[in-house]
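Laboratory data are not the source of any read-out in this text; all were calculated from the coordinates shown. What you are looking at is a predicted structure, and each value in this text was computed from that prediction instead of being measured. Quick reminder, even Gly has a Cβ in these numbers, built from the backbone with ideal geometry, and neighbours come from all protein chains shown.
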Amino acid sequence: MWNRNIVYNEVGRLLYKGCLTDSQREGLEVKLRAFVQYGIRDVRWCAYMLATSFHETGGRLLPIKEWGAGMGKPYGKKRKQDGTEYRHPDKIYFGRGDVQLTWYENYERMGKILNLPLLEHPELALERDISAQILIEGMTRGISGRGDFTGLSLEDFFNARRNDPTQARRIVNGMDRAALIAGYHRKFVEALQYAAV
């Protein structure tokens, strides 16, 4: 699909003032491999997932723990989205991964979809390949047939009639920083299109 060296050079030029670090290159490569594995061919989808990872990880393109580990946030306690408390598992479901998966229910649902024990071992969301799977499943109509973060998916915003990287932010987190991420999206689209083979 893409000449990897051109992708690295173009992403470095457009988003990193000239070059990628080895770890940024690895993070990019993990996601490019996952796109191929999942059969995702729409450059706009790939670019939007990369833009989301770029934003959510502070440019690292590798899964990270949420800064502050949910401190001061409702999901930073042993509490479900409906407000009820839980005792087991003895975990806090703060943001982890390329896309900052949060809340007990989201770890539980994503674990069931991907057949992974994410509720018992939320740190699995920090493993590079698993994080890429969560990113893709959460943002597309994948195994579950819906966007698993909010019910919206890339199919809703990038299709034959629509190309809307600003509104696409609703797939993950309302309209928080939507214009900024749309700007990253344009740069990733440019890089991927230039590197197409």
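Quick look at the numbers
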read-out	value
Enumeration of residues in region 69-98 that are at positive phi and touching a residue at least 24 places away in the same chain (Cβ under 8 Å)	Ala69, Gly70, Gly97
All positions within region 175-197 that are aliphatic (A, V, I, L, M) and in a loop (DSSP other than H, G, I, E, B)	Met175, Ala195, Val197
Candidates Leu114, Leu126, Leu101, Leu135 - the one that is out of contact with any Gly (no Cβ under 9 Å at 6 or more places or on another chain) and either free of Cβ contacts under 8 Å to residues at least 12 places away in the same chain or among the hydrophobic types (A, V, I, L, M, F, W, C) (or both)	Leu114
Residue within region 22-33 that is more than 16 Å from the chain's Cα centre (by Cα), surrounded by fewer than 16 Cβ atoms within 10 Å (Cβ to Cβ) and at negative phi present	yes
Yes/no for Glu123 being crowded, with 19+ Cβ neighbours inside 10 Å, out of contact with any Cys (no Cβ under 6 Å at 6 or more places or on another chain) and assigned to a helix (DSSP H, G or I)	no
Inter-residue pairs, beta-carbon under 7 Å, first touching a residue at least 12 places away in the same chain (Cβ under 8 Å) and under 17 Å from Leu101 (Cβ atoms) and in region 162-184, second exposed (fewer than 14 other Cβ atoms within 10 Å of the Cβ) and among the aliphatic types (A, V, I, L, M), 6+ apart	Arg169/Met175
Tyr184 being crowded, with 19+ Cβ neighbours inside 10 Å, closer than 29 Å to Tyr8 by Cα and aromatic (Phe, Trp, Tyr)	yes
Residues that are under 14 Å from the mean Cα position of the chain (by Cα) and either among the hydroxyl-bearing types (Ser, Thr, Tyr) or part of a helix (DSSP H, G or I) (or both), drawn from region 138-174	Gly138, Met139, Thr140, Thr150, Ser153, Leu154, Ala168, Arg169, Arg170, Ile171
